[in-house]
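Participant: Pasting a structure here, questions to come.
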Amino acid sequence: MRIGIDIMGGDFAPQTTTEGAILAQKELSNVELVLIGDESIITSILEEKGADKKDFSIVHTTDIIGMGEHPIKAFKQKPKSSIGIGFHLLSTGQIQGFAGAGNTGAMMIGSMYSVKSIPGIIRPCITSVMPKENGGVNLILDVGVNADCKPDVLYQFGVVGSVYAQNVFGIENPRVGLLNIGEEPEKGNLLSQASNNLMTDSKDFNFIGNIEGRDLFDDKCDVIVCDGFTGNVVLKEAEAFYYLMKKRGMLDDYFSRFNYEIYGGSPILGINSNVVVGHGISNNEAIKNMIKLTAECVEADLSKKIKEAFK
């Protein structure tokens, strides 16, 4: 298995991305890490940290897509960027997974242009983890890519979320809930009402009905479906609670699990390969876990499983 890492992407790259790759290499067996970025800088950091350059493959480039650049324009104009080269390697089968904490829009555009959407998928999406109080996790999707959705798009989120929960997190017959302002089917806006009606009695996933905001962290379901606007608000609010608890010295075993570093990143679901997007502020621990999550997605053959679900 070969996994590519965008070493130049992220607020603290290339230092933290290289350090994260070093940490991941120590924990991953039978995985070759391909570091994509400025070779002289990467080599210098490897030497600084006492890592052996022979343990990695390095693909040299000095071109970078910045965090604030327009995704489509930047991806087209910078084919030799670390993101552009990463997607070239992925689309030509030279790597089986690609991970980066850089420009999220460029990572999404690269996925759509290079490895493309799985036939039948209307819109790929990204997901995140909500820790349950009982020790498990809820997966929530979408969390930012698709701010405006139609009912059939939310229905597909239920399908891909179920496949991801089952094959990467080992949850048998995942329970899918639709995030709403009430449990009754007729509650919510027009999108929620139409989506509930479409999901009811679905043969494609185990739909348990509407859930409310108070159910985000309990064991009522395993997969939470919502539009990307709502999902991103929920995700950022959960992050805010973690930092507030940490600032006030109130973290315990449960609230410590809200730390994004533990989960590393979010896979782009609904494309023909394995791409994981990390948080822009990722430190070396988060980068390590982003790379490990990418390996788990490749190991689970996630994109193939989703493709089979849409045949």
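Participant: Among Pro151, Pro131, which is the only one that is within 30 Å of Asp252 (Cβ to Cβ) and either in contact (Cβ under 8 Å) with a residue 24 or more places away in the chain or open to solvent by 30 Å² or more (accessible area, probe 1.4 Å) (or both)?
Facilitator: None of the other options fit; the residue is Pro131.
Participant: Continuing with this model, one more query. crowded, with 20+ Cβ neighbours inside 10 Å and closer than 18 Å to Phe12 by Cβ: does that describe Asn283?
Facilitator: Considered against the rule, which asks whether it is crowded, with 20+ Cβ neighbours inside 10 Å and closer than 18 Å to Phe12 by Cβ, Asn283 comes out as no.
Participant: Cβ-Cβ below 8 Å, separation at least six or inter-chain, first residue in the stretch 136-147 and farther than 13 Å from Lys236 by Cα and open to solvent by 10 Å² or more (accessible area, probe 1.4 Å), second in a strand (DSSP E or B) and polar (S, T, N, Q): which pairs?
Facilitator: none
Participant: Let me ask something else. Within the stretch 183-190, is even one residue within 22 Å of Lys305 (Cβ to Cβ) and surrounded by 16 or more Cβ atoms within 10 Å (Cβ to Cβ)?
Facilitator: So far as the stretch 183-190 goes, no, none of its residues is within 22 Å of Lys305 (Cβ to Cβ) and surrounded by 16 or more Cβ atoms within 10 Å (Cβ to Cβ).
Participant: Can you name every residue in the stretch 60-75 that is of a type in the set (Ser, Thr, Tyr) and open to solvent by 60 Å² or more (accessible area, probe 1.4 Å)? Full working, then the answer.
Facilitator: Narrowing the stretch 60-75 to residues of a type in the set (Ser, Thr, Tyr): 61-62.
Thr62, the sole residue that qualifies.
Participant: Tally up the residues in the stretch 76-97 that are open to solvent by less than 30 Å² (accessible area, probe 1.4 Å) and part of a helix (DSSP H, G or I), please.
Facilitator: Filtering the stretch 76-97 down to residues open to solvent by less than 30 Å² (accessible area, probe 1.4 Å) leaves 81-87, 89-90, 95, 97.
Retained after the next criterion (residues that are part of a helix (DSSP H, G or I)): 82-87, 89-90.
Count: 8.
Participant: Which residues, counting only those in the stretch 148-186, are under 19 Å from the mean Cα position of the chain (by Cα) and part of a strand (DSSP E or B)?
Facilitator: Val176, the sole residue that qualifies.
Participant: While we're here: Is it the case, given these coordinates, that Asp11 is out of contact with any Cys (no Cβ under 8 Å at 6 or more places or on another chain), at pLDDT 95 or above and not aliphatic (A, V, I, L, M)?
Facilitator: No; evaluated as a whole, the condition is false for this residue.
The values are calculated or read from the model by the stated rules, or taken from the named source; none is laboratory data. Everything numeric here is computed off the predicted structure, so don't read it as measured data. Backbone-built Cβ (ideal geometry, glycine too); neighbour counts: all protein chains shown. Protein only, heavy atoms only, side chains kept; ligands, DNA and RNA dropped before computing areas. Shrake-Rupley method; radii C 1.70, N 1.55, O 1.52, S 1.80 Å.
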